[in-house]
1. Can Glu114 be described as more than 30 Å from Gly221 (Cα to Cα) and without any contact (Cβ under 8 Å) to a residue 60 or more places away in the chain?
2. All but one of (1) in contact with a helix residue (DSSP H, G or I) (Cβ under 8 Å, 6 or more places away or on another chain); (2) within 20 Å of His231 (Cβ to Cβ); (3) in a loop (DSSP other than H, G, I, E, B) hold for Gln161; state the number of the condition that does not hold.
3. Any chance you could count how many residues in the range 11-64 are aromatic (Phe, Trp, Tyr) and touching a Pro at 6+ places or on another chain (Cβ under 7 Å)?
4. Do you know which residues across the range 59-68 are at negative phi and buried (at least 18 other Cβ atoms within 10 Å of the Cβ)?
5. Could you list all residues from the range 177-187 that are in contact with a helix residue (DSSP H, G or I) (Cβ under 6 Å, 6 or more places away or on another chain) and surrounded by fewer than 19 Cβ atoms within 10 Å (Cβ to Cβ)?
6. Hey, does the range 178-197 have a residue that's over 20 Å from Ala12 (Cβ atoms), in a loop (DSSP other than H, G, I, E, B), without any contact (Cβ under 8 Å) to a residue 24 or more places away in the chain and not small (Gly, Ala, Ser)?
7. Residue by residue through the range 210-227, note down the ones that are surrounded by 21 or more Cβ atoms within 10 Å (Cβ to Cβ) and assigned to a loop (DSSP other than H, G, I, E, B).
8. From the list Arg230, Arg245, Arg204, exactly one residue is charged (D, E, K, R) and surrounded by 19 or more Cβ atoms within 10 Å (Cβ to Cβ). Which is it?
Amino acid sequence: MEVFHAHYTEHAYPMHVHEAWTLLIVDDGAVRYDLDRRERGTPHDTVSLLPPQVPHNGSPATARGFRKRVLYLDRTRLDESLIGAAVDGPDLADPLLRRRVGQLHAALANRGDELEAESRLALICERLRGHLRPRLLPRPPGTAPGVAQTLRELLDERLLQGVTLDEAAKLVHAHPAHLVRSFSAAFGIAPHQYLMARRVDRARRLLLDGRPPGEVAAAVGFYDQSHLARHFKRLMGIAPGRYARGATDRRG
């Protein structure tokens, strides 16, 4: 879905989510992050795979910051049944996998090498599935979704128009305070943070398609462009316009 290269020296990502799988390698420095309320990191030569819709943050673990390369993979590439295994072990010490991820980044930089990129991606996803499948555990039979899961599904459905807490409480049949506590306890992120992170994630896609920030703000549910800019910069460490210009420069 997207390739993202960045060098951060001070910016710390707050808790946020992505709708895609995040495949990350760090070329210099190191990142520390929390995933599912457990502290993680990117030791030397590992590949990190962060699953969709699972809150995480990120900050430099060294004085010089970190330089990273990221691939965002849509959810058809890896089955959602692998999400739990990825949460339990997101950092993979696999030199061959890391080398292949680096080769894929190189192939994606050259127009006309699409077949090579597709081939390398297929091998990478196959190896990722091989890492994750042995860790799968059977689900308890008859497990019903709780109010936190139901609220998350509602927020996903109302991504553009949003929903008030009182309205959500009526639809989910739970007290507003209980709803917030349950969601935060289940996912490690407050409902409003989850909604804004999903909107920023979608805004990035539209900005990369060349749409202007003002148009993007309305398209993903923000009140106006300044509303988008505030949340975008808080999450990404860069203003939407500058982010879009960087993508345009790279395409050029």
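The values are calculated or read from the model by the stated rules, or taken from the named source; none is laboratory data. No experiment lies behind these values; they were computed from the predicted model shown. Quick reminder, even Gly has a Cβ in these numbers, built from the backbone with ideal geometry, and neighbours come from all protein chains shown.
1. Details: more than 30 Å from Gly221 (Cα to Cα): yes; without any contact (Cβ under 8 Å) to a residue 60 or more places away in the chain: yes.
Criteria met by Glu114.
2. (1)
3. Let us first name the residues in the range 11-64 that are aromatic (Phe, Trp, Tyr), namely 13, 21, 33.
Retained after the next criterion (residues that are touching a Pro at 6+ places or on another chain (Cβ under 7 Å)): 21.
Counting residues in the range 11-64 that are aromatic (Phe, Trp, Tyr) and touching a Pro at 6+ places or on another chain (Cβ under 7 Å) gives 1.
4. Phe66, Lys68, listed by residue number.
5. Across the range 177-187, the qualifying residue is only Ala186.
6. Taking every residue of the range 178-197 in turn, none turns out to be over 20 Å from Ala12 (Cβ atoms), in a loop (DSSP other than H, G, I, E, B), without any contact (Cβ under 8 Å) to a residue 24 or more places away in the chain and not small (Gly, Ala, Ser).
7. Phe222
8. So the residue among Arg230, Arg245, Arg204 that is charged (D, E, K, R) and surrounded by 19 or more Cβ atoms within 10 Å (Cβ to Cβ) is Arg204.
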